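> Here it is, the structure, as structure tokens.
The values are calculated or read from the model by the stated rules, or taken from the named source; none is laboratory data. Please read these numbers as outputs of a predicted model, since none were measured by experiment. When we count neighbours, we look across all protein chains shown, and the Cβ atoms used for this are built from the backbone with ideal geometry, even at glycine. Ligands, DNA and RNA are excluded from the accessible area calculation, which covers all protein heavy atoms including side chains. Shrake-Rupley method; radii C 1.70, N 1.55, O 1.52, S 1.80 Å.
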Amino acid sequence: QVQLVESGGNLVQPGESLRLSCAASGIIFRLYDMGWYRQAPGKQRELVAAISSGRTTNYADSVKGRFTISRDDPRNTLYLRMNGLKSEDTAVYYCYARNIPYTYWGQGTQVTVSS
């Protein structure tokens, strides 16, 4: 059974930092492309950052220079380091694992940025 479990979401003030984690089980982690989406209230889910099995990364323009995605294959864990958080970063953050034709999702972790 495949499981992706996110953690690290919290309520923080603007300018602060958070690190999200996504622990995977039930897949051969190193073979999967991984990434993070987020969904804010009333908005569509959007891609935040992705990292391929070969460690190629890409980011949404809105987070470039502030967020860093990384992966620890021996620990089957995906990370998202978020610096300089803004109120518009408030959303539920979901990790995914993709190895076509399969895509698996986590349950999400809430990030709230507010003063």
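> Any idea which residue in the stretch 1-11 is surrounded by the most Cβ atoms within 10 Å (Cβ to Cβ), counting only those that are of a type in the set (A, V, I, L, M, F, W, C) and assigned to a strand (DSSP E or B)? Give the derivation first.
First, the residues of the stretch 1-11 that are of a type in the set (A, V, I, L, M, F, W, C): 2, 4-5, 11.
Applying the additional criterion that residues be assigned to a strand (DSSP E or B) yields 4-5, 11.
Numbers: 4: 22, 5: 14, 11: 12.
That would be 4.
> Looking only at the stretch 87-115, filter to residues that are touching a Gly at 6+ places or on another chain (Cβ under 8 Å) and open to solvent by 70 Å² or more (accessible area, probe 1.4 Å); which one of those is farthest from residue 12 (Cα to Cα)?
Among those that are touching a Gly at 6+ places or on another chain (Cβ under 8 Å) and open to solvent by 70 Å² or more (accessible area, probe 1.4 Å), it is 98.
> Among the numbered criteria (1) open to solvent by 50 Å² or more (accessible area, probe 1.4 Å); (2) closer than 20 Å to residue 114 by Cβ; (3) assigned to a strand (DSSP E or B), which one does residue 14 miss?
(3)
> Can you name the strands (runs of 3 or more DSSP E) wholly within the stretch 67-110 that have at least 2 residues being under 23 Å from residue 17 (Cβ atoms)? If you could, list the steps in order and put the result at the bottom.
Values: elements: 67-72, 77-82, 91-99, 102-105.
In the stretch 67-110, 67-72, 77-82, 91-99 are the strands (runs of 3 or more DSSP E) which contain 2 or more residues that are under 23 Å from residue 17 (Cβ atoms).
> Can I ask one more? Only one of 38, 30, 19, 66 is closer than 26 Å to residue 101 by Cβ and open to solvent by 20 Å² or more (accessible area, probe 1.4 Å). Can you tell me which?
Values: 38 fails: open to solvent by 20 Å² or more (accessible area, probe 1.4 Å); 19 fails: closer than 26 Å to residue 101 by Cβ; 66 fails: closer than 26 Å to residue 101 by Cβ.
Residue meeting the stated conditions: 30.
> Which condition number in (1) within 19 Å of residue 6 (Cβ to Cβ); (2) more than 13 Å from the chain's Cα centre (by Cα) is the one that residue 86 fails?
Unmet for residue 86, out of (1) within 19 Å of residue 6 (Cβ to Cβ); (2) more than 13 Å from the chain's Cα centre (by Cα): (1).
> Being part of a loop (DSSP other than H, G, I, E, B) and either small (Gly, Ala, Ser) or at negative phi (or both): is that true of residue 42 here? Spell out the reasoning first.
Numbers: part of a loop (DSSP other than H, G, I, E, B): yes; either small (Gly, Ala, Ser) or at negative phi (or both): yes.
Judged against the criteria, residue 42 is a match.
> Separate question: Is there a residue in the stretch 26-38 that is basic (Lys, Arg) and touching a strand residue (DSSP E or B) at 6+ places or on another chain (Cβ under 7 Å)?
Applying the first criterion (basic (Lys, Arg)) to the stretch 26-38 yields 30, 38.
After this cut, where a residue has to be touching a strand residue (DSSP E or B) at 6+ places or on another chain (Cβ under 7 Å) as well, the list is 38.
Scanning the stretch 26-38 turns up at least one residue that is basic (Lys, Arg) and touching a strand residue (DSSP E or B) at 6+ places or on another chain (Cβ under 7 Å).
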